[in-house]
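The values are calculated or read from the model by the stated rules, or taken from the named source; none is laboratory data. Bear in mind that the values here come from a model prediction, so they are computed numbers and not experimental data. Methodologically, a virtual Cβ is constructed for each residue, glycine included, from the backbone with ideal geometry; neighbour enumeration extends over all protein chains shown. Protein only, heavy atoms only, side chains kept; ligands, DNA and RNA dropped before computing areas. Shrake-Rupley method; radii C 1.70, N 1.55, O 1.52, S 1.80 Å.
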Amino acid sequence: MTNAPRPDSSRPPRFVVIGAGMSGILAAIELSRAGYRDFAIYEKADRLGGTWRENTYPGIACDVPSHLYSYSFEPNPEWSHRFAPGPEIQAYFEGVARRHGVESRIRFGEEVTRCDFENGRWSLETASGTRDVADFVIAATGVLHHPSIPDLPGLSDFAGASFHSARWDHAVPLEGRRIGVVGTGSSAIQIVSALVERVGRLVLFQRTPQWIAPVENAGYSEEERAEFRRRPEAMREIRDQVAHAFIEGFANALVDVDSPALQAIHDMCVANLENSVRDPGLREKLRPAYRAACKRLIMSEDFYDAIQRPNAQLVTDAIERVEATGVRTRDGQLHELDVLVLATGFQVDRFVRPMQVIGRGGQALDDVWKNGPFAHLAISVPDFPNFFMLNGPNSPVGNFSLIDVAELQLGYVMQLVERVRSGARREIAPSHAAMRRFDAERRQAAKTTIWGTGCRSWYLDEEGLPTAWPWTFDRFREEMSEPDLEDYELR
Ligand code: NAP
């Protein structure tokens, strides 16, 4: 790598944003608003949108209400449904980026592979050999972007089409064919519900049943949309209402295993199962043996209907192996298939990786994170100055609007940047003491969250401890409102 020139305090700072998904677009807009002109966004793909660009499976939608899953400053009167489908969300991000002049800042097809902190600045390198230097890096690299491919014996022998839910092959015909889906997470449930009417036969391979919360996904009428256009406050009212209900009735309950709200959620899911699934045998196969919301709660209005269709089959015997013509389960049965969909989730401990990030004294982030990723207040890591993550490790996850999370985090990051810019120091990073304190408190609090009550999920680290923000959303909002500079080292 070239040695980065030393920072010059008379010069406006340069920023690099990594990733042009929801958080990267947000970062670009906020940097412009704050008057910073010198920045670029690096995006490995040829199109913006992150998760919504990559996940195009049938039935994809956001299970956070659309008027909440929008930037606070860009309400969208045109949402077609309470829970908008994926392509509409992708179009929303493209529209916002266009309106705010973000696209011209994006360097598409440029994957940042290395960031080195040298002489007080970050030197960056991309896979194609492009180099850049920045005073601040905002890593908006997403949470769930590296598919987890299960180690199923014989998978490569399958003669039909097989792909991960986040790599949907739209060239493969589905009409009238025999489709297998592995997994029962949010992706699988949406896929099953969307596909069952189109395909000849649908086989769902369930390793663990899921609690399903009932939702209604009504469309917005033309009159309602006209009202939103005429009176944007109406959208704000919905947003505030939904946010309040979500935070009070759900988010805050998740971190208190004994809360009545959590019990109410559990009872609602039990009632949904009891009232929706007629066959007692099928009902018991679909009944989880853990508490609702221990795994990420699934929201669906039509999954139970879908799985009771005559052409649908729920298979609970473990997968023994994949063969050329289908999937053989441990009971010896061969389930013949034309297409096998792996809705098997993501490698959830990647965050900014596989990018190599080298901080002060040549420390590699990979080494610092060898026992699992962490970040002070989910934003930054000691000895990696001026390097900030959005939706990074220990952020709130679990049926939240990650847009809301990113907006709050970015507000905090911009205050840290402003501290550096307006002072005599050029580098800011959390102290080791602050990091240790945060991590110890986080680990302690994690023990009383619903996520640790006895289920396997992507929320848990290798020791089985929940990694997500373990306190209330109100506390998150409060922590993000203003940095405590005692927690930081300025140099
Ligand atoms: P996921 O929740 O991690 O689910 C993966 C599924 O695959 C689980 O049912 C898992 O079984 C199963 N699985 C994994 N390896 C397997 C194996 N070797 N054999 C059999 N089954 C296996 O993944 P996801 O559904 O893609 O969802 C991930 C996250 O993405 C969600 O939690 C959510 O945060 C986000 N998401 C959001 C939306 C939305 O509407 N907002 C939609 C889709 C996804 P076990 O349960 O037994 O581990």
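Any residue at all in segment 400-416 that is farther than 19 Å from TRP469 by Cα and in contact with a Lys or Arg (Cβ under 6 Å, 6 or more places away or on another chain)? No.
Just to be sure before I move on: is GLU284 without any contact (Cβ under 8 Å) to a residue 60 or more places away in the chain, closer than 30 Å to HIS335 by Cα and open to solvent by 40 Å² or more (accessible area, probe 1.4 Å) in the structure I sent? Spelling it out, GLU284 is indeed without any contact (Cβ under 8 Å) to a residue 60 or more places away in the chain, closer than 30 Å to HIS335 by Cα and open to solvent by 40 Å² or more (accessible area, probe 1.4 Å). Within the option set VAL182, VAL172, VAL199, being touching a residue at least 60 places away in the same chain (Cβ under 8 Å), within 16 Å of the ligand (Cβ to nearest atom) and of a type outside the set (D, E, K, R) holds for one residue only, VAL182. Of the residues contained in segment 396-403, one or more are found to be assigned to a helix (DSSP H, G or I), modelled with pLDDT of 95 or more and open to solvent by less than 10 Å² (accessible area, probe 1.4 Å). Of all residues in segment 468-481, none satisfies the criterion of being exposed (fewer than 12 other Cβ atoms within 10 Å of the Cβ) and closer than 17 Å to MET435 by Cα. Restricting to segment 412-436, name every residue that is part of a helix (DSSP H, G or I), at pLDDT 95 or above and surrounded by 14 or more Cβ atoms within 10 Å (Cβ to Cβ). Passing the criteria: TYR412, VAL413, MET414, GLN415, LEU416, VAL417, ALA434, MET435.
Quick one: count up the residues across segment 80-137 that are within 30 Å of ALA234 (Cα to Cα) and either under 21 Å from the mean Cα position of the chain (by Cα) or surrounded by fewer than 23 Cβ atoms within 10 Å (Cβ to Cβ) (or both). Residues that pass the stated criteria total 23.
Selection of segment 348-383 for residues being out of contact with any Phe, Trp or Tyr (no Cβ under 9 Å at 6 or more places or on another chain) and within 16 Å of the ligand (Cβ to nearest atom) yields only ARG350. How many of the residues making up segment 28-68 are part of a loop (DSSP other than H, G, I, E, B), more than 26 Å from ILE238 (Cβ to Cβ) and charged (D, E, K, R)? Residues in segment 28-68 being part of a loop (DSSP other than H, G, I, E, B), more than 26 Å from ILE238 (Cβ to Cβ) and charged (D, E, K, R): 5 in total. Sort out which residues of segment 322-351 are modelled with pLDDT of 95 or more and within 13 Å of the chain's Cα centre (by Cα), and write them in order of number. Scanning segment 322-351 gives GLY345, PHE346. As a summary of the residue check, CYS455 satisfies the conditions (1) within 21 Å of PHE346 (Cα to Cα); (2) open to solvent by 50 Å² or more (accessible area, probe 1.4 Å) except for the one numbered (2). For segment 429-451, indicate whether the set of residues that are within 16 Å of the ligand (Cβ to nearest atom) and of a type in the set (Gly, Ala, Ser) is non-empty. No, there is no match, as no residue in segment 429-451 is within 16 Å of the ligand (Cβ to nearest atom) and of a type in the set (Gly, Ala, Ser). Please determine, by comparing only the residues of segment 138-165 that are more than 25 Å from ILE319 (Cβ to Cβ) and modelled with pLDDT of 95 or more, which one is most open to solvent (accessible area, probe 1.4 Å). Among them, the one singled out is THR141. Is it fair to say LEU465 is under 22 Å from ASP256 (Cβ atoms), among the aliphatic types (A, V, I, L, M) and either buried (at least 17 other Cβ atoms within 10 Å of the Cβ) or at pLDDT below 95 (or both)? Here the answer is yes, as LEU465 does meet what is asked.
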